[in-house]
Ligand SMILES: [Zn+2]
């Protein structure tokens, strides 16, 4: 069962992990990448325990974001696999 | 102690649970499933602990501060951002202050100073002016992640060294509490009675779930301390914060909660008084539950077993799970505190009236089962695990155990209290206090005699020696007048 439902705006972008993160009660972070979000994935997992959360977001925001990034490509490459 | 054996059976610091950020102080990055006695000389004088997401702030009987664990947001306060610190390390930047209280949030920390040595050492005369009556305590310092305004400095900057919160420089701060992304500050009350302004609690940081209690719906965050509304006529003596929850206990034994709603309930944007005839003395918050202890040593829980972590889904999904009535007999008793704030408190998708709702909320307060009349003297709560300490020295735990945070030697969950052993036979006179971080736990033992720190204060006229148990003794030693010292020339760290 999902531990919690968390809105994407409450998650924090972590440069180092290249993922959106949210505190996990174990002390680690729930994580989900932009690529996952673009694919419609809504589960953010914690690498240290069995818990996961459901991320509430609008997939269009991420598809549009990737278009925009493609347009200003070069200077600030987003982590795209 | 006369046993000649080892006095570790009385004093000592134990830790267990999630340890991959060094938060257990075991000097290795590993979980511990059993309570582990720490052999750190620096910890011998620790009198209190605050455990956060993955870091620990320790307060010594001499008013000094140590910290260890995760430091990636500057929450350790050592002036640098480190991924983690494996050994307890003194916060030298607070050396000028006598710290009386510490708190740890998910990734930030707070410190209440009782007295500023750099200011008082100027003269013994000045020292004597510190008032007993005014209950002088100093300021609040914060460090760590400030991206939600939880440091209270008027911006969203993070700090790796404690910085004085300017809002409280001329105030009498008693306590501070840190949640996931917010902070609460309790000022010393100077008033009582119906005309009391009741303005003792301040909140700052993330407020999206109502955890600041500042009476503004959906305030996303505030970065300067704001008055928590709704305590008119109440003298607040305890505050607590964890996750997106906030709570306070009044001198009359009323418990208030605000912030994220407990299981099945809406968020509360102003403090809500728990309707009960019980006289509560303490509350401990998790991320989805709360424990509250009555003066008679009974413990009640709000929120219950959280779906996704504890209990079987069939049980936890049911709203009627463990309906608990505190009435003895059938007659309805009068609530002890005002109920006129209930309208904000309407359950989702329901046509419940406020009164029905009140009953429902009360029913949600369940007595912790399986204690058989055992008198409880202390409570503690991690994100998803709980601890009780009984008058006979027994430690009980239940909740989420995946990282060994229950200390039972395994990673199983427990749905009702079971006994934990520290591996030592405790002297009757010894007292144990338990402190929970998100996924880990500390126990602090102290013998019948508290360590007394001897303090030497340099002044221009003379040297003065003090034996200090705690801030109370400190106050008792200081004499007369009313005005607290001002720190005009002291601009923080
Ligand atoms: Zn986790």
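Taken together, the values in this text are just the output of simple stated rules run on the coordinates, not laboratory data. Only a predicted model underlies this, so the values are computations on that prediction, with no experimental measurement involved. As a convention, Cβ positions derive from the backbone with ideal geometry for all residues, glycine included, and neighbour counts pool all protein chains shown.
At-a-glance table
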{"item": "Cut-off 12 Å (backbone N to label point 7 Å along Cα→Cβ of residue A:2), residues of the stretch A:26-53", "result": "A:41-45, A:52-53"}
{"item": "Those residues of the stretch B:14-32 whose amide nitrogen sits under 16 Å from the label point placed on residue B:86, 7 Å along Cα→Cβ", "result": "B:19-32"}
{"item": "At R0 = 22 Å, FRET efficiency that the Cβ-Cβ distance of residue B:95 and residue B:170 yields, to 0.05", "result": "0.45"}
{"item": "Distance between modelled label sites at residue A:9 and residue A:35, nm, 7 Å Cα→Cβ extension", "result": "2.9 nm"}
{"item": "Within the stretch B:385-411: backbone nitrogen closer than 11 Å to the residue B:34 label point (7 Å, Cα to C-beta)", "result": "B:408-410"}
